[in-house]
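Let me begin by presenting the structure, written as structure tokens, before commenting on it.
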Amino acid sequence: MLYYEAMNKVILYYKFVPVADPVMTMRWQKELCGRLNLKGRIIVSKHGINGTLGGDIENLREYKREMNRSITFKGIVYKWSDGTGNDFPRLSVKVKDELVAFGAPDEIEVDEKGVVGGGKHLKPEQLHKLVEERGDDVVFFDGRNAYEAAVGKFKDAIVPDTKTSRDFLTEIESDKYNDIKDKPVVTYCTGGIRCEALSALMKNRGFKEVYQIDGGIVKYGEQFGDEGLWEGSLYIFDDRMSHRFSDKSKDIGQCVHCHGKTSRYINCADKSCNKLVLVCETCDKETHCAEHVKNIDKNLVK
């Protein structure tokens, strides 16, 4: 007798496209994912769809086929990675005002081609060409939250002081980035979705030459691994917590106790705190929370 052994994968995807009825789309997604036994998170808005799903590879392939049967969501590029089968505890499908919660739902404009007025897309090899041609004038601008950048980022990147996406508007409207508004600025994020919106918001605020990495850090890492401009590990929003592109990956995060290098995020042992905190395996059993390590709050997140 032959036994079928499930191969579990995780897909990451998004598409900016006008959605006429987000509520109906949400109900369809719930039914489709439930039927295929997929778990994860999906956000639907009038601007499009954003999802991360885990499950059996054949069920995920069927999900992709169903999406391609839809005129609205046909042609989405899916980013695949290995899963465990327990990457997500449940399925969550929600309708929200924005795909990324920058707090500017009426400022972002979307048509059939995507975000209107966003930064120019660069393939990984085009990014290298830009850096080769423009040298130190090129500025990398992290489009993620500070705790994500603490374990991995592009070399010499600017990491804004942000704990949530809503903090970005205050950051880019401040005077602290005036000196780079005339320079080539390359925004980047995990899969590309945050920079689709962020690059448009930056251009609206006087940043003149804005780019975004096509497919985000994920696609860059698939092509260049740890042999290019990326350093550290990639923080991801499921039970895996982080992803390394190769065995040459290095740790750039700092343990809150010994200050040694680590990429290991865990929840604070103090239940009244329960924030994510960087703790190496050696210091694992020590108490840690914002009150106990006040001098390095930058490694914490609510």
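The values are calculated or read from the model by the stated rules, or taken from the named source; none is laboratory data. Treat the numbers as computed from the prediction; the structure is a model and nothing was measured. Cβ atoms come from the backbone with ideal geometry, glycine included; neighbour counts cover every protein chain shown. Accessible surface areas use protein heavy atoms only, side chains included; no ligands, DNA or RNA. Shrake-Rupley method; radii C 1.70, N 1.55, O 1.52, S 1.80 Å.
Among the residues in the stretch 100-115, are any open to solvent by less than 20 Å² (accessible area, probe 1.4 Å) and either in contact with a Gly (Cβ under 7 Å, 6 or more places away or on another chain) or within 19 Å of Phe224 (Cα to Cα) (or both)? The answer is no, given that none of the residues of the stretch 100-115 is open to solvent by less than 20 Å² (accessible area, probe 1.4 Å) and either in contact with a Gly (Cβ under 7 Å, 6 or more places away or on another chain) or within 19 Å of Phe224 (Cα to Cα) (or both).
From Arg65, Arg90, Arg41, which residue is free of Cβ contacts under 8 Å to residues at least 12 places away in the same chain and either of a type in the set (Lys, Arg) or open to solvent by 80 Å² or more (accessible area, probe 1.4 Å) (or both)?
On the way: Arg90 fails: free of Cβ contacts under 8 Å to residues at least 12 places away in the same chain; Arg41 fails: free of Cβ contacts under 8 Å to residues at least 12 places away in the same chain.
Residue meeting the stated conditions: Arg65.
With respect to (1) at pLDDT 95 or above; (2) under 14 Å from Ile193 (Cα atoms), the lone exception for Val93 is condition (2). Mind listing whichever residues of the stretch 153-173 are open to solvent by 20 Å² or more (accessible area, probe 1.4 Å) and over 16 Å from Ser199 (Cα atoms)? If the condition is that a residue be open to solvent by 20 Å² or more (accessible area, probe 1.4 Å) and over 16 Å from Ser199 (Cα atoms), then Lys153, Lys155, Asp156, Asp161, Lys163, Thr164 are the ones that fit. Out of the residues in the stretch 263-280 that are free of Cβ contacts under 8 Å to residues at least 40 places away in the same chain and assigned to a strand (DSSP E or B), state the one that is most open to solvent (accessible area, probe 1.4 Å). Taking the candidates together, the pick is Asn267.
Filtering the stretch 133-149 to residues that are within 14 Å of the chain's Cα centre (by Cα) and crowded, with 20+ Cβ neighbours inside 10 Å leaves Phe141, Asp142, Gly143, Arg144, Asn145, Tyr147, Glu148, Ala149.
I'd like the residue in the stretch 71-87 that is loosely packed, with under 13 Cβ neighbours inside 10 Å and at pLDDT 90 or above and, out of all such residues, is nearest to the chain's Cα centre (by Cα). This residue is Gly75.
Does Glu107 meet the test of being of a type in the set (Asp, Glu) and in contact (Cβ under 8 Å) with a residue 60 or more places away in the chain?
Values: of a type in the set (Asp, Glu): yes; in contact (Cβ under 8 Å) with a residue 60 or more places away in the chain: yes.
It is true that Glu107 is of a type in the set (Asp, Glu) and in contact (Cβ under 8 Å) with a residue 60 or more places away in the chain.
Only a single criterion out of (1) over 19 Å from the mean Cα position of the chain (by Cα); (2) open to solvent by less than 40 Å² (accessible area, probe 1.4 Å); (3) closer than 27 Å to Val210 by Cα; (4) acidic (Asp, Glu) is not satisfied by Asp56, namely (3).
Just one of the listed residues (Glu31, Glu5) is more than 20 Å from the chain's Cα centre (by Cα) and modelled with pLDDT of 95 or more, and it is Glu31.
For the stretch 32-78: of the residues being of a type in the set (Phe, Trp, Tyr) and out of contact with any Phe, Trp or Tyr (no Cβ under 7 Å at 6 or more places or on another chain), which is nearest to Val10 (Cα to Cα)? Quick ask: steps written out before the conclusion?
Step one: list which residues in the stretch 32-78 are of a type in the set (Phe, Trp, Tyr), which gives 63, 73, 78.
Among the residues that remain, those that are also out of contact with any Phe, Trp or Tyr (no Cβ under 7 Å at 6 or more places or on another chain) are: 63, 73.
Working: Tyr63: 12, Phe73: 19 Å.
Per the stated criteria, the residue is Tyr63.
Can you work out which of the residues in the stretch 124-173 that are charged (D, E, K, R) and part of a loop (DSSP other than H, G, I, E, B) is nearest to Ile252 (Cα to Cα)? Ranking the qualifying residues of the stretch 124-173, first place goes to Lys155.
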